[in-house]
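Structure record follows, encoded as structure tokens.
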Amino acid sequence: MAGFPYGAVRGLGAMQIFLGLAAIGLGIGDLIMALTTYRYTGPALIFPLIGTGIWTGLFFLIAGSLAASISEGRTVGCKVGATQTMSLLNTFLFAPALTAVATISFIQSSIAMHDYSLYGYSYYNYRAATMFFLEITLTVVGCLEFIFSIATASVCCCGGSYDQPATNQVMPMTYPVTVQQPAAPVSRQSYGPAVSAWHSGAPSATVNPGLSTGGDLHLVRITGSPAEIARYMRAMEEEE
């Protein structure tokens, strides 16, 4: 793919890999905190139990890995297409999902922090505060993934034509062709006997047997002594 910005798309892929790993790590931490708190708080902090950061981070990681693996070769068109598809899915589905769920979660966590601090539950207040910061960070990760997914999809779409590498192209070759022109008729040397052309239905005429008649089919009558006729025939056979 001539003119394709391989360096740019690999850099965007590296950022998506980083964001995917961050989302997975933050999602695991948020899920653990939610599981240990849920038994006491009930459904007040139910959204972190979905584990949105974990499964959305996997899709971020897949898109980033595809983008980082793009290089010149026979499969470059397939990798670019797959990267573009995954980046569009992240743009319109997974990144907004992570951002929306994380936003709702940190709002719930902030409310829980207020309630725990109001009633003096410092232990739960600490856990709610930890979840609050984890979920704010997940919201930022979702927004960044949305931006980088749009950039990656745009580069894959507009970065270059989906042509095969130049090494796989078959170039037309020109071969010189020599056309042999027909040789001009060559006069034959006369060997003695007089030759007369005889056409069916035409009068006899005496012609020189050594001259070419242009290749027309006709009968000839040779007059002369037997020795002259034999010498003429041998000469004609040698020439043929």
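The values are calculated or read from the model by the stated rules, or taken from the named source; none is laboratory data. Quick caveat, the model's predicted, so the values are computed rather than measured. Don't worry about glycine lacking a Cβ; one is built from the backbone with ideal geometry, like all the others, and counts go over all protein chains shown. Quick note on the areas: whole protein, heavy atoms, side chains included, nothing else; ligands and nucleic acids left out. Shrake-Rupley method; radii C 1.70, N 1.55, O 1.52, S 1.80 Å.
Residue pairs whose Cβ atoms lie under 9 Å apart, sitting 6 or more positions apart in sequence or on different chains, and linking a residue in segment 13-38 that is free of Cβ contacts under 8 Å to residues at least 12 places away in the same chain to a partner that is open to solvent by 60 Å² or more (accessible area, probe 1.4 Å), are 38/46.
Quick check, is residue 85 open to solvent by 50 Å² or more (accessible area, probe 1.4 Å) and either out of contact with any Lys or Arg (no Cβ under 9 Å at 6 or more places or on another chain) or in a helix (DSSP H, G or I) (or both)?
Yes: the conditions hold for residue 85.
What do you reckon, is residue 73 over 17 Å from residue 50 (Cβ atoms), open to solvent by less than 30 Å² (accessible area, probe 1.4 Å), in contact (Cβ under 8 Å) with a residue 40 or more places away in the chain and in a loop (DSSP other than H, G, I, E, B)? The answer is yes for residue 73. Write out, first by first residue and then by second, each pair whose Cβ atoms fall under 7 Å of each other, whose residues are 6+ apart or on separate chains, and whose first residue, in segment 78-97, is under 11 Å from residue 67 (Cα atoms) while the second is among the β-branched types (Val, Ile, Thr). Here the result reads 79/70; 80/70; 83/70; 83/152; 86/62; 87/152, each pair linking segment 78-97 to a residue that is among the β-branched types (Val, Ile, Thr).
The number of residues in segment 56-70 being part of a helix (DSSP H, G or I), open to solvent by less than 10 Å² (accessible area, probe 1.4 Å) and under 12 Å from residue 11 (Cα atoms) comes to 2.
Table: residues versus (1) within 13 Å of residue 67 (Cα to Cα); (2) in a helix (DSSP H, G or I); (3) at pLDDT below 80.
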residue	(1), (2), (3)
8	yes, yes, no
11	yes, yes, no
18	yes, yes, no
24	no, yes, no
28	no, yes, no
34	no, yes, no
37	no, yes, yes
48	no, yes, yes
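Which of the residues spanning segment 12-32 are under 31 Å from the mean Cα position of the chain (by Cα) and open to solvent by less than 10 Å² (accessible area, probe 1.4 Å)? Across segment 12-32, the qualifying residues are 13, 16, 19, 20.
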